[in-house]
Amino acid sequence: MAETKKIPARSEIADQYKWALEDLFETDEKWETVCNELEEKLTAFAEYPGTFASSAGNLLSYLKLQDETECTYERLLVYANQKLHQDMAESRYQGYTVRVQNIGVKLAAAEAFAEPEILELDIDAYLEKEPGLRAYELLLRRMSDKKEHILSEREEALLARTAELADTASDIYGFFNNADLRFGKIEDADGQSVEISQGNFVALLENNDRNVRKQAFEKYYQVYDQFKNSIAAMYQANVKQEKFYADARRYSSSLQMALDASRIPVQVYDSLIEAVHEALPVMYRYVALRKKVLQVEELHMYDVYAPLTQEYDAAVSYEEAKKLVRAGLAPLGEEYGKLLQEGFDGHWIDVYENRNKKSGAYSWGAYGVHPYVLLNFQGRLNDVFTLAHEMGHALHTYYSNENQPYTYAGYRIFVAEVASTCNESLLMQYLLKNCTDRQEKIYLLNYFLDQFKGTLFRQTMFAEFEKKMHEAYANGEALTPQKLCDTYMELNRLYFGPEMVSDPQIALEWERIPHFYRSFYVYQYATGFSAAIALSRRILTQGETAVSDYLGFLKGGCSKDPLQLLQSAGVDLGSPEPVRKALQLFDELVTELTGLISGYGGNR
């Protein structure tokens, strides 16, 4: 019997490939001590309700307490969650996350009085009375701008206490998707038994053997099909809580509420979808080209990730991946390169998949400590780009934290994907420039096109799905499995076109997208990708001036609104032009790839 390729336990991963969470807290016991201290400190908030009107100094004292407390809470939260993400079945850290979430609810409740009281103040007069408040001027003026969405002190306290309930759907989905689901095994091209996991599913869809891809696709979604009723209930619960908060805060929709956090007009979201719809004929050209090169009568969804050439071996080790990322990001300058290496050498990164580890990849951290990166490195070219992507997040966080006070260090979600995707774009342009092999160039061009497909087209499709589902629920429709599947299938057919067979299983894909539990997040991958294309081209053509502007953007945190920060770096996402220009590049790349493979016999 063939040996099964097993996913290792956490204890089987070498320490050099694990992140150093002891940089947050030396031991679990230290975490518990600080946790206890923070809970006790929450009582200090009770001294402030009703005092702002009588003293600007009281307001300043409160804001300092808020920063200090939230900074400590953030560190506790990151440690608990990242300990859990190492092994989602670990009961101790399940308990830690519940405990710190409870503290977060108490903290929000303790702070709930503040905004309603601040909105009653004459901010200009207070800034004159207390010079120390100048450090919080932007924060205070942003509060004033949100006045119509701030409720009474009692109502704010009540909403704060619902936060734990609001996270329930996301929490249940996270445990279910990462720790409970088992997808079984398939046989690879060599006759070996391979266990399917969240971490290796896409790698299996990139396999050269079409039968392996088909097996993995069908077996994976067969499991999701068994649980579609439960997952539909989880998703509807999440949509329901978003609508509750939008209604409570007097927003016209959940979408408007989500975008208002970053002061983004809803038109930016809608114009993204419109621009991508305009470019769908180019996407159809790419799908037709893929079908031709693969030499298949029908192109199926399990062929979407298949490489277009066998001759180029894109397998890469983690050590090689780090060298490629360093080289690709060299245009960002010596300082950036040194920080990148510090991240590689300083145990910022948790590299390899282990059993029950959280799937996917992310960067996260707490103010005052270096950022962290979670990977599930599989040795594919995609993993090299994922490393560049997540280190883009990490260094964005590093620069913001080093150059901004805690109050303004946290950059807004809207710009969160720009630095990460800019890194990917610079890496790709480095690889394309330095490749000399025709098959390698075909591979890289196809990979770049797949980035457009996966980021600009697919994430926009996700964004449109979210918009439709939230609107449907707001209009009184139940989000049944049938409704969710039918809508998703309709969009899949629209985005991939007539040359693609939209297999029945793809209607279930909405079940596997964790970002749907962070509503209206995914569109920012598409806008961020468009901005990143523009920024990377500017960096490569204008050199030091563009790099200086770009590093200024990274250092900005939330000291300016997101659109203003990007404008200072040379990109105006308030206009649809960056998206249209990125789609124009996609068109050019399809034409270039078509020319390269003209007359070339496909590999399937």
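Where a number appears in this text, it was derived from the coordinates with a stated rule and is not lab data. The structure presented is a predicted model; accordingly, all values stated were derived computationally and were not measured. Glycine gets a Cβ as well: all are built from the backbone with ideal geometry, and neighbour counts include every protein chain shown.
In whole percent, what relative contact order does the chain give with Cα contacts below 8 Å and a gap of six or more residues?
19
Starting from the Cα gyration tensor of region 10-166, multiply each eigenvalue by 5, take the square root, and state the resulting semi-axes largest first in whole Å. Could you put the intermediate results ahead of the total?
Numbers: eigenvalues 258, 57, 38 Å².
Three semi-axes, in Å: 36, 17, 14.
Find which of SER598, VAL100, VAL369 sits farthest along the positive direction of the dipole of the chain, computed with +1 on the beta-carbon of Lys and Arg, -1 on that of Asp and Glu, about the Cα centre.
Going by the charge dipole, the pick is SER598.
Set the Förster radius R0 to 56 Å, insert the Cβ-Cβ distance between THR43 and LYS581 as r into 1/(1 + (r/R0)^6), and round the FRET efficiency to 0.05. Provide the component values of the computation, followed by the final result.
Details: r = 55 Å, r/R0 = 0.97.
The value I calculate is 0.55.
Between ASP15 and ALA89, how high is the FRET efficiency from 1/(1 + (r/R0)^6) when r is the Cβ-Cβ distance and R₀ = 22 Å? Nearest 0.05. Could the numbers behind the result be given before it?
Numbers: r = 21 Å, r/R0 = 0.94.
Given R0 = 22 Å and the Cβ-Cβ separation, E is 0.60.
Cα-based Rg (one decimal) and Dmax (whole number) for the chain, in Å?
Using the Cα atoms of the chain, the pair Rg, Dmax is 24.5, 81 Å.
Express in % the proportion of alpha carbon pairs of region 434-548 at distances exceeding 20 Å.
Values: 3631 of 6555 pairs.
The share of Cα pairs beyond 20 Å in region 434-548 comes to 55 percent.
Using Cα pairs under 8 angstrom and six or more residues apart, how large is the relative contact order of region 10-166, in percent? Let's see the in-between values first.
Details: 114 pairs, mean separation 40.5, N = 157.
Taking the mean separation of contacting Cα pairs over the length of region 10-166, I get 26 percent.
Which residues' amide hydrogens lie under 5 Å from the amide hydrogen of LEU299, considering only partners 5 or more residues apart or on another chain, with H built in the peptide plane?
Here the answer is VAL501, since their amide H atoms fall under 5 Å of that of LEU299.
Would you list the membrane-span-like helices of the chain, meaning whole DSSP H runs whose alpha-carbon atoms span at least 18 Å along their axis and whose mean Kyte-Doolittle value is at least 0.5? Mind showing how you got there, number by number?
Values: long enough: 28-41 (20 Å, -1.67); 56-86 (45 Å, -0.54); 91-111 (30 Å, -0.26); 210-226 (24 Å, -1.69); 228-248 (30 Å, -0.65); 266-278 (19 Å, 0.26); 280-294 (21 Å, 0.45); 381-403 (33 Å, -0.52); 413-434 (34 Å, 0.63); 438-451 (20 Å, -0.70); 458-474 (24 Å, -0.98); 481-496 (22 Å, -0.54); 523-542 (28 Å, 0.23); 577-596 (28 Å, 0.13).
Helices meeting the criterion: 413-434.
Classify region 464-511 as rounded, prolate or oblate, taking a ≥ b ≥ c as the square roots of the eigenvalues of its Cα gyration tensor: rounded when a/c is under 1.5, otherwise prolate if a/b is larger than b/c and oblate if not.
Details: a/c = 3.04, a/b = 1.88, b/c = 1.62.
Cα axes put region 464-511 in the prolate bin.
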